[in-house]
Amino acid sequence: MTDNVSWFKQAKYGMMIHWGLYSLLGGAYRGQAASAYAEWIQSKLQIPIANYAQLAKGFNPLCFDADRIVALAQDCGMSYLVVTAKHHDGFAMYDSAVSDYNVVAQTPFHRDVIGELAAACRRAGLRFGLYYSQDLDWHEPNGGGYLSNDVGNSGTTWDNSWDFPDTRRKDFAQCFSAKILPQVTELMQNYGDIATAWFDVPMTLSKAQSQALYDTVKRLQPDCLINSRLGNGQYDYVVLGDNEIPQAIDPAATTNVDYNDIGGFKPSPLGLYESAGTMNDSWGFSYQDHNWKTPQQLATTLQHLNGLGINYLLNVGLDPLGRVPLEAESRLREAAALTR
């Protein structure tokens, strides 16, 4: 753990990748636009599973090159990569024995995206982290979020209320034991050293469930650092809210905190902080989102966060062919030139 703590403190800059079936839609479906977060399109437009799952038949990203993506990250001064193994839509971007709703079993691509990126990171000496949506899963009748639909979100509801409207029949414990915990176990067992476990939006998990995930990760990957979005105060390091760029660190803000609020400062047991941000508005690829941050803005944000001792995890949404969008790559390279 000590080595990983010192590595994380010195890491400064990482690349996050959002990529999944939603990338094929690029923020629009049947003439309707998604919310600002294109990866939320299934919820925003209430796309039935029967229709959404058909996207897998068209997922064949022939331009995907894990080594090229990792080389770009390194060229831009990044020292780690975090990629979506499963987002809220429930579709796994790896070869999962737990659920055949995955990129190897369901698509003509038939390749393990997580495996290829993990191997590319090992070859290049980049640390590798995994994002996993441990609460929300719109493919599952018992996916989480149904207790929190009074809270605003980027879709219609946190849970899949269009295919499975009866919340009285939902039991997250079933989804957790049958899919969530087993898939996290797979990921921690099958892809070599995992530097960070990046969980998201804890809405439904009990403290015991958060503890079970924490213990599973630590048992299989003792040096893996777990982010604060696991929920219920089970974490190693604090990740701030989406695109949260504080002006300063306020020690008073780390008292009397809501440990299930994804934003704001929390006590960091290892003194480690990270801010995850987007290059435009969306995390997933969007054809219509041209609100790109300038290279100067990216460089300034990186320097500001690093000056506060906070890592900058900057997201790229790969396009349907598996490419880093040209606008994103050019801005990343120009920003890197400004910080050298």
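The values are calculated or read from the model by the stated rules, or taken from the named source; none is laboratory data. Since we're looking at a predicted model, the values are computed, not measured. For neighbour counting, all protein chains shown are included, and Cβ atoms are generated from backbone atoms with ideal geometry for every residue, glycine included. When the accessible area is computed, the model is the full protein with side chains, heavy atoms only, and any ligands, DNA or RNA have been set aside. Shrake-Rupley method; radii C 1.70, N 1.55, O 1.52, S 1.80 Å.
Just give me the residues in the range 264-286 being closer than 30 Å to GLN42 by Cβ and either open to solvent by 30 Å² or more (accessible area, probe 1.4 Å) or under 15 Å from the mean Cα position of the chain (by Cα) (or both), in sequence order.
Within the range 264-286, GLU274, SER275, ALA276, GLY277, THR278, MET279, ASP281, SER282, TRP283, GLY284, PHE285 meet the criteria.
Please determine, by comparing only the residues of the range 171-200 that are under 18 Å from the mean Cα position of the chain (by Cα) and without any contact (Cβ under 8 Å) to a residue 40 or more places away in the chain, which one is nearest to ASN4 (Cα to Cα).
Top of the filtered list is MET188.
Residues that are crowded, with 23+ Cβ neighbours inside 10 Å and not β-branched (Val, Ile, Thr): list the helices (runs of 4 or more DSSP H) wholly contained in the range 1-108 that include at least 2 such residues.
By residue number, 22-25, 41-44.
Taking ASP135 as meeting all but one of (1) within 18 Å of GLU186 (Cα to Cα); (2) out of contact with any helix residue (DSSP H, G or I) (no Cβ under 7 Å at 6 or more places or on another chain); (3) of a type in the set (D, E, K, R); (4) assigned to a helix (DSSP H, G or I), write down the number of the exception.
Only one criterion is unmet by ASP135, namely (4).
For the range 248-260, check the following and say yes or no: at least one residue is in contact with a strand residue (DSSP E or B) (Cβ under 6 Å, 6 or more places away or on another chain), acidic (Asp, Glu), open to solvent by 30 Å² or more (accessible area, probe 1.4 Å) and not in a helix (DSSP H, G or I).
No; the residues of the range 248-260 include none that is in contact with a strand residue (DSSP E or B) (Cβ under 6 Å, 6 or more places away or on another chain), acidic (Asp, Glu), open to solvent by 30 Å² or more (accessible area, probe 1.4 Å) and not in a helix (DSSP H, G or I).
Residues in the range 204-215: is at least one open to solvent by 20 Å² or more (accessible area, probe 1.4 Å) and not in a helix (DSSP H, G or I)?
yes
Could you list, ordered by first residue, the pairs with Cβ atoms under 7 Å in which the first is in the range 112-125 and open to solvent by 10 Å² or more (accessible area, probe 1.4 Å) and the second is of a type in the set (Ser, Thr, Tyr), at least 6 apart or interchain?
ASP112/TYR94; GLY115/TYR94; GLY115/TYR191
Please specify each residue of the range 158-190 satisfying the condition of being in contact with a Leu (Cβ under 9 Å, 6 or more places away or on another chain), in a helix (DSSP H, G or I) and open to solvent by less than 50 Å² (accessible area, probe 1.4 Å).
Hits for the range 158-190 are PHE172, PHE176, ILE180, LEU181, VAL184, THR185, LEU187, MET188.
Would you confirm whether or not the range 48-57 contains a residue that is under 22 Å from ARG122 (Cα atoms) and of a type in the set (Val, Ile, Thr)?
No, every residue in the range 48-57 fails to be under 22 Å from ARG122 (Cα atoms) and of a type in the set (Val, Ile, Thr).
Do we have ASP200 as surrounded by fewer than 23 Cβ atoms within 10 Å (Cβ to Cβ) and closer than 10 Å to GLN134 by Cα here?
Considered against the rule, which asks whether it is surrounded by fewer than 23 Cβ atoms within 10 Å (Cβ to Cβ) and closer than 10 Å to GLN134 by Cα, ASP200 comes out as yes.
Pairs please, first residue from the range 205-226 and more than 17 Å from GLY129 (Cα to Cα), second anywhere and open to solvent by 20 Å² or more (accessible area, probe 1.4 Å) and modelled with pLDDT of 95 or more, Cβ atoms under 6 Å, 6+ apart in sequence or on different chains.
That search, which allows pairs on different chains as well, returns LYS207/ASN232; SER210/ASN232; SER210/GLN234; GLN211/GLN234.
Among residues belonging to the range 216-243 that are of a type outside the set (Val, Ile, Thr) and in a helix (DSSP H, G or I), point out the one that is most open to solvent (accessible area, probe 1.4 Å).
ARG219
Determine whether LEU72 is within 18 Å of the chain's Cα centre (by Cα) and not polar (S, T, N, Q).
Here the answer is no, as LEU72 does not meet what is asked.
Got a sec? Which of ASN306, ASN311, ASN291 is assigned to a helix (DSSP H, G or I), modelled with pLDDT of 95 or more and either surrounded by fewer than 13 Cβ atoms within 10 Å (Cβ to Cβ) or among the polar types (S, T, N, Q) (or both)?
ASN306
Answer yes or no: is there a residue in the range 143-161 that is at pLDDT 95 or above and touching a strand residue (DSSP E or B) at 6+ places or on another chain (Cβ under 6 Å).
Scanning the range 143-161 turns up no residue that is at pLDDT 95 or above and touching a strand residue (DSSP E or B) at 6+ places or on another chain (Cβ under 6 Å).
Could we say that GLY155 is open to solvent by 10 Å² or more (accessible area, probe 1.4 Å), over 22 Å from LYS12 (Cα atoms), in a loop (DSSP other than H, G, I, E, B) and in contact (Cβ under 8 Å) with a residue 24 or more places away in the chain here?
For GLY155, the condition - open to solvent by 10 Å² or more (accessible area, probe 1.4 Å), over 22 Å from LYS12 (Cα atoms), in a loop (DSSP other than H, G, I, E, B) and in contact (Cβ under 8 Å) with a residue 24 or more places away in the chain - is met.
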